[in-house]
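Peer 1: To start, I am sharing the structure in question, which I have written as structure tokens.
Readers should treat all values here as calculations from the given coordinates under stated rules, not as data from a laboratory. Bear in mind the structure is a predicted one, so any value in this text is a computation, not a measurement. Please note: Cβ atoms are built from the backbone with ideal geometry, for glycine as well, and neighbour counts cover all protein chains shown.
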Amino acid sequence: MATQEVQQHGFQAEVKQLLDIVIHSLYTDKEIFVRELVSNAADALEKVRLKQLTENGIYGADKELAIHITTDEEANTLTIADYGIGMTREELTENLGTIAHSGTKAFLEQLKEKGDGNADVIGQFGVGFYSAFMAADTVDVYTHSWREDAESLKWSSDGATGYTIESTESEERGCKMVIHLKEGQEEFSKADRIKEILEKYSNFVSFPIHLNEERVNNVDALWLKSKGDVTEEQYEEFYKFVAHAWDKPRYTMHFSADAPLAINALLFVPGENQEQFGMGQIESGVSLYCRKVLIDSKPEKLLPEWLRFLKGVIDSADLPLNISRESMQDSALIQKLNKLITKRFLKFLEKQAKDDAKAYNEFFEKFGRFLKEGIATSFEHQEQLGGLLRFATSTTEAGEVTSLADYIERAGEQREEIYYLVGASREAIETGPYLEAFKARDIEVAIFTDPVDQYVLDSMPEFKGKKLVSADRADIELDDVEAEGESLSQNETEALVSWMTDTLGERVEKVEAGKRLVGSPVAALAPKEAPNAQMMAMMKAMGQEAPTPKVTLEINPRNEVIKNLASLQQRDTDLAEMVVQQLADNALLAAGLLENPQSMLTRINDILAKVAK
Ligand code: ADP
Ligand code: MG
């Protein structure tokens, strides 16, 4: 390779788009770019620190793991240098020329739609390195990766169309970012201004930061302080720092314990759920410390996966400092920590729900999915998580939600079941054939409308000793109620049932007259063990075979259609047969079990032709 050559590169389209938004519309708060670059420098130092544990022959091994910031008013520049991991030529292109994150594109679309005014949404999303271009005309990155034989390189860009990469003489390990400030952004070349910015959060950076050769931070372990000594603002700044976030934390949980383990934990629930923005699965954001020393910034298994939305720090003085990351993940200690903190956090949520139901319901709306995931995957926390569910029922007002515990209380101790229905919407469930029987008996039915709900409920057969029962099951025994309206006689009903059974043949498991229905002529009741419509849709989506289960067709002998059918059958068997087939289709359709709804159109037309004669 000709080393003198300057390589020209174009930005990936998404980067251009992002830069365009960053530069033209995003932040009123331009100073955050300093935080982004310092946090990148700290990340790079952390990476090289870990390399040092496992690799020999690291370039510049004598370099202090520190960040050096220099301001130059005359040149109108700000320089942020670290002795971190640095970047190779490939890494420069990969990290500073493309957006690797798959969800980012979708997010960008959303940003565009929402327009400039929506700094809130933007705040959920760190634009990281590119934020430098809010204040910079040009950014030069001088770098040498951690391997001795890596190249010395200079990356340079005006943040518009592309960037160049060229070889340089000899760089030190790490990255040096020279920010050539735009006109009007001179403030960032002033030492006092930078100092002020750094003071806000750099105390949380666990590597020394020097500003013009002067140390500005000392590691301030907020989590080791007692609650009374920390202000709301400090919590907020710390959250922004650890979570790389710009919103406010929704919940802050700060606790310490001495037994059974010495723990200091400071955990945050973010304002927004990033997974809701279609950014894909977020990474866990809780770091593990031992007496202020960072052990692992992304420890696996420290918390269950469904708590990945939490941000913050867990510090345990009981951790052995010299343990390897691999063996730590499987250690009994981590498992203990995991259990303990999960329990504590769920308790914390219970308290929040009690103290401020409105705020909790908002939390649940945004983060409930994670708790549901927990129900399906963490058996040992299932009951606690079940208690944290919020949902509408057949008796709640629009917009109101309730909990399983409250449901049980209203139902009374003697009732053994919690009835629920899963459907596409509350409306769909309320107009369907299953709810009326329960309404007529004043039995409350929980309503679930999230696509994951069926799966979640299937994995929770009980809550506090009460069975969770889907209200569309055939085996539910309900008390008799005074049925309104005249019914077919016993004999007439039996004759009709037997004729319908013959007519429908293989299409149904059986036909039954029942007292469950009130307004509807028929309902398709699912067999106990069969997957229901939501489950089948999911199985199909996952490419699995999902044979339609044979239902029990319950008929309502008080309903006009059924009564008329009994006499029609005597007069016009052809038409009566068509009506029966149609009724079966209607019931299956309402149950979400009709495979091919188009096919009934021909029959409807035939029926119309007959009755219009
Ligand atoms: P993020 O930090 O969220 O990954 P950024 O846009 O801030 O996103 O940075 C993009 C990538 O560029 C980083 O993931 C890292 O690989 C690389 N990078 C940025 N700054 C540095 C640095 N000072 N040293 C080494 N690599 C860096
Ligand atoms: Mg970053």
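Peer 1: What spacing in nm lies between the two simple spin-label points modelled at GLU236 and LYS63, each 7 Å away from Cα in the Cβ direction?
Peer 2: 3.7 nm
Peer 1: If I model a spin label at GLU417 and LYS336 as a point 7 Å from the Cα along the Cα→Cβ vector, what separation in nanometres do I get?
Peer 2: 4.5 nm
Peer 1: Share of Cα-Cα pairs in segment 222-362 beyond 26 Å, in percent?
Peer 2: Numbers: 2070 of 9870 pairs.
Here the long-distance tail beyond 26 Å is 21 percent of all Cα pairs in segment 222-362.
Peer 1: If R₀ is 60 angstrom, what is the calculated FRET efficiency for the pair ASP442 and LYS301, using the beta carbon separation as r and rounding to 0.05? Spell out each step's value before the answer.
Peer 2: Details: r = 47 Å, r/R0 = 0.79.
That gives a FRET efficiency of 0.80.
Peer 1: Mean Kyte-Doolittle hydropathy of 0.0 or higher plus an axial Cα length of 20 Å or more: which whole DSSP H helices in the chain meet both?
Peer 2: Qualifying helices: 32-54, 573-590.
Peer 1: Between ASP72 and GLU506, with labels modelled 7 Å along Cα→Cβ, what's the label distance in nm to one decimal, could you check?
Peer 2: About 8.4 nm separates the two model spin labels.
Peer 1: Under a Cβ-Cβ cut-off of 12 Å, what is the net charge of the residues other than ASP502 that fall near it, where Lys and Arg count +1 and Asp and Glu count -1?
Peer 2: 0
Peer 1: R0 = 35 Å: FRET efficiency of MET542 with GLU477, Cβ-based, nearest 0.05?
Peer 2: Values: r = 34 Å, r/R0 = 0.96.
So, using R0 = 35 Å, E works out to roughly 0.55.
Peer 1: Okay, moving on. Multiply the residue separation of LEU50 and GLU397 by 0.36 nm, subtract the distance between their alpha-carbon atoms, and state the gained length in nm to one decimal.
Peer 2: That works out to 119.4 nm of additional length.
Peer 1: To continue, here is another question. Could you rank the peptides 62-75, 441-454 by their average count of other C-beta atoms within 10 Å per residue, with the highest value first?
Peer 2: On the way: 62-75: 16.1, 441-454: 18.4.
Averaged packing, sorted descending, gives the order 441-454, 62-75.
Peer 1: Run lengths n ≥ 4 of DSSP H only: what is the helix-derived mean residue ellipticity at 222 nm for the chain, with -39500 (n - 2.57) per run over all residues, to the nearest 500? Write down the numbers at each step before the final one.
Peer 2: Values: 20 runs with 231 residues, N = 613.
About -11500 deg cm²/dmol.
Peer 1: Using Cα centres only, tell me the gap between segment 41-72 and segment 127-198 in whole Å.
Peer 2: Between the Cα centres of segment 41-72 and segment 127-198 lies a distance of 17 Å.
Peer 1: Further, regarding this structure: Taking just the alpha-carbon atoms of the chain, what radius of gyration and Dmax come out, in angstrom?
Peer 2: Considering the chain through its Cα atoms, Rg and Dmax are 32.2, 103 Å.
Peer 1: Between ARG571 and ASP356, take the C-beta separation as r, use R0 = 60 Å, and let me know the FRET efficiency to the nearest 0.05.
Peer 2: Numbers: r = 65 Å, r/R0 = 1.09.
After rounding to 0.05, the efficiency reads 0.40.
Peer 1: Can you give the charge dipole size of the chain about its Cα centre, rounded to the nearest 20 debye, using +1 on the beta carbon of Lys and Arg and -1 on the beta carbon of Asp and Glu?
Peer 2: 940 debye
Peer 1: Further question: Ranked highest first by the average count of other Cβ atoms within 10 Å around their residues, in what order do 512-519, 162-169, 266-273 fall? Don't skip to the end; give the middle numbers.
Peer 2: Details: 512-519: 19.0, 162-169: 15.5, 266-273: 22.6.
Per-residue Cβ counts within 10 Å, averaged per peptide and sorted highest first, yield 266-273, 512-519, 162-169.
Peer 1: Full extension from GLN276 to ASN212: what is 0.36 nm times the residue separation minus their Cα-Cα distance, to one decimal in nm?
Peer 2: Length gained, GLN276 through ASN212: 18.8 nm.
Peer 1: Let me ask something else. Sequence gap at least 6, Cα distance under 8 Å: using those rules, report the relative contact order of segment 541-613 to the nearest whole percent.
Peer 2: In percent, rounded to a whole number, it is 26.
Peer 1: Using a 7 Å offset from Cα along Cα-Cβ at THR98, what residues in segment 160-198 end up with backbone N under 13 Å from the label point?
Peer 2: Nothing falls inside the zone, counting backbone N under 13 Å.
Peer 1: Treat every Asp and Glu Cβ in segment 222-362 as -1 and every Lys and Arg Cβ as +1, leave all other atoms uncharged, and give the resulting dipole magnitude about the Cα centre to the nearest 20 debye.
Peer 2: 360 debye
Peer 1: A further question follows. What number, in percent, do you get for the relative contact order of the chain if the mean sequence gap of Cα pairs under 8 Å and at least 6 apart is divided by its residue count? Don't skip to the answer; put the middle values down first.
Peer 2: Details: 998 pairs, mean separation 52.5, N = 613.
Rounded, it is 9 percent for the chain.
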